[in-house]
1. If I go through the range 31-46 residue by residue, how many of them are part of a loop (DSSP other than H, G, I, E, B) and under 13 Å from GLN19 (Cα atoms)?
2. Among the residues of the range 40-60, are any surrounded by fewer than 12 Cβ atoms within 10 Å (Cβ to Cβ), closer than 29 Å to TYR175 by Cα, out of contact with any Ser or Thr (no Cβ under 8 Å at 6 or more places or on another chain) and of a type in the set (A, V, I, L, M, F, W, C)?
3. Of the numbered conditions (1) of a type in the set (Val, Ile, Thr); (2) over 30 Å from ILE158 (Cβ atoms); (3) surrounded by fewer than 13 Cβ atoms within 10 Å (Cβ to Cβ), VAL3 fails exactly one; give the number of that condition.
4. Among what's in the range 106-156 and is polar (S, T, N, Q) and touching a helix residue (DSSP H, G or I) at 6+ places or on another chain (Cβ under 6 Å), pick the residue that is surrounded by the fewest Cβ atoms within 10 Å (Cβ to Cβ).
5. Report every pair of residues separated by at least 6 positions or lying on different chains whose Cβ atoms are under 7 Å apart, first residue within the range 160-183 and buried (at least 18 other Cβ atoms within 10 Å of the Cβ), second modelled with pLDDT of 90 or more and acidic (Asp, Glu).
6. Could you check how many residues of the range 99-134 are modelled with pLDDT under 95 and either closer than 20 Å to LEU149 by Cβ or among the small types (Gly, Ala, Ser) (or both)?
7. State yes or no: is ALA207 surrounded by 16 or more Cβ atoms within 10 Å (Cβ to Cβ), among the small types (Gly, Ala, Ser) and part of a helix (DSSP H, G or I)?
8. Go through the range 212-240 and count every residue that is over 19 Å from TYR101 (Cβ atoms) and surrounded by fewer than 18 Cβ atoms within 10 Å (Cβ to Cβ).
Amino acid sequence: MQVFKPIQHARTADEVAHQIEALILEGVLRVGERLPGERELANETGVSRPIVREALKSLEVRGIIESRHGEGTFVADIIGTVFTPQISGLLASHRKATFDYLEYRREVEGVTARLAAMRATPADRELLSELIGRMAAAFENDDFEAEALIDVEFHSLIGEIAHNLVLLHTLRSCYRLLSEGVFQNRHRLYQAPGGRDLLYRQHCAIADAILAGDGEKAMEASRKHMDFVMEATRELEQREERERISSLRLAQREEMPNRGKARKQA
């Protein structure tokens, strides 16, 4: 299927740029993806190569695309950058931010799953089914690293299927925090006893509800999933804190005899 459409009227560089912008905004063209060459773009849009060149130049000047010498033109890293590096650093250093982040995701992802179930097209369902198939393969192969990556892709895809641009890009920004390691609970959840099995079944429940077009069930499954993530994260943090304190106690007890010997020798 041809991504770019012929421009019927006002064949200007602005119209070409607008079409590329829309494809990026809708998530059709993703960060890092290579755009067709000038000749191909000119053929698909029905405009001259100089107009295409002018459109690409204007997008590059605005930082929406970037040219790499000898490689081509690519979508710049502009998606999912709501949080500045400074804010990301602050979030990573404050424990409360983790639970505020999970609480936000619980509410927003619930609405997103409901909209996805209501608005999913046949192509959306095909993409979701394919992704769940890859998730199942990773689960069966005990590849929790792959599962964790597909986890983020799964939630991002639901954001796309909801067909709401604001939801899509705010959620992508949240998932980028996960990918960049601002919140580390994702891998620990997969390694926790029974965590992989439960997370897999929860993801399947969300996908099944979306594929069935059941908005309320999709929202319920999504929020139940996030409730588990929040509770499991809380338990993991409490356990790690207990282990930290126990280790300090042990180190202190082991050090006491040495201190006593040092005092006697003095």
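1. Summing the residues that are part of a loop (DSSP other than H, G, I, E, B) and under 13 Å from GLN19 (Cα atoms) in the range 31-46 gives 2.
2. In the first step, residues of the range 40-60 are kept if they are surrounded by fewer than 12 Cβ atoms within 10 Å (Cβ to Cβ); the result is 50.
Subsequent filtering for residues that are closer than 29 Å to TYR175 by Cα retains none.
The answer is no, given that none of the residues of the range 40-60 is surrounded by fewer than 12 Cβ atoms within 10 Å (Cβ to Cβ), closer than 29 Å to TYR175 by Cα, out of contact with any Ser or Thr (no Cβ under 8 Å at 6 or more places or on another chain) and of a type in the set (A, V, I, L, M, F, W, C).
3. (2)
4. SER156
5. ILE161/ASP124; LEU168/GLU160
6. Looking only at that region, the number is 3.
7. Numbers: surrounded by 16 or more Cβ atoms within 10 Å (Cβ to Cβ): yes; among the small types (Gly, Ala, Ser): yes; part of a helix (DSSP H, G or I): yes.
Yes.
8. Here is the first cut: in the range 212-240, the residues over 19 Å from TYR101 (Cβ atoms) are 212-221, 239.
Now narrow it down to the ones that are surrounded by fewer than 18 Cβ atoms within 10 Å (Cβ to Cβ): 212-214, 216, 220, 239.
So the count comes out to 6.
The values are calculated or read from the model by the stated rules, or taken from the named source; none is laboratory data. Here the structure is a predicted model, which means the values were calculated and not measured. Glycine gets a Cβ as well: all are built from the backbone with ideal geometry, and neighbour counts include every protein chain shown.
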